[in-house]
């Protein structure tokens, strides 16, 4: 396999920095671009581990993207519209791992997917993908008589609530047939799927899916103790999206 030239957006953020270091160590990847904010202390500095090439941290999106075979975005939802438009312009497959976009931006995703492979991955942990598959299997066995609830925990600095991962899990489980409840007030109603969020400390991310029945309950849990799992998962997903035809993908579409 030829080296994959990867553009990393949000390259010095919480997870983006780990993607950058993991890509530098992975023999399948070469870092072709690294986008940071104009205020970053790393702006203009050389990215470590890129071999003989000289790649510097930049705040110019086209410069970060233009030489890439694939882009991984861990930047900011405020940049998502610009990111997806630029990826279409350069014909670059995109792994969108940033969450918290508005409906208008999601409509842009749908239009962009007509021209490039676009993977929407609110959580790049492979265990989260396994959690979703296990929950769908449990739901098939247990049926609608079991009440479904999701509980998620993240660090106190997380900006969106519920998490994009919890919302993604909820949509997969609801199948458009249940009402998603983010802030329940009063008694639980039939046909609801509730999401409860907690914020505190430095929690990387915990997600538990409950199936409550009469006389028993099933709990399925994924816990991330290190953000490195998101970096490793992102690179695995990038390898799988790069050869796909244009379209809008979720991680489960790639297996």
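Between residue 157 and residue 130, the contour length at 0.36 nm per residue exceeds the alpha carbon distance by 7.1 nm.
Counting neighbouring beta carbons within 10 Å and listing from fewest to most, the residues 153, 19 come out as 153, 19. Short-range pairs are left out: with C-alpha atoms under 8 Å and at least six residues apart, the relative contact order of segment 126-224 is 38 percent. Here Cα extents along the principal axes in Å was computed from the coordinates, and among (1) 63, 39, 34; (2) 47, 41, 40; (3) 49, 42, 30 the match is (1).
Projecting label points 7 angstrom from Cα along Cα→Cβ for residue 107 and residue 190 puts them 3.6 nm apart. With R₀ set to 30 Å, the beta-carbon distance separating residue 56 from residue 245 gives a calculated FRET efficiency near 0.35. Antiparallel beta bridges, as assigned by DSSP with both residues in segment 126-224, represent about 60 percent of the total such bridges. With 0.36 nm allotted per residue and the present C-alpha distance subtracted, the residue 255-residue 137 stretch has 40.9 nm of extension available. The packing ranking of peptides 5-11, 210-216, highest mean first, is 5-11, 210-216, where packing means the average number of other beta carbon atoms within 10 angstrom of each residue.
Read the figures in this text as sums done on the coordinates, not as results from a lab. No experiment lies behind these values; they were computed from the predicted model shown. Note that we place each Cβ from the backbone using ideal geometry, even for glycine, and neighbour counts take in every protein chain shown.
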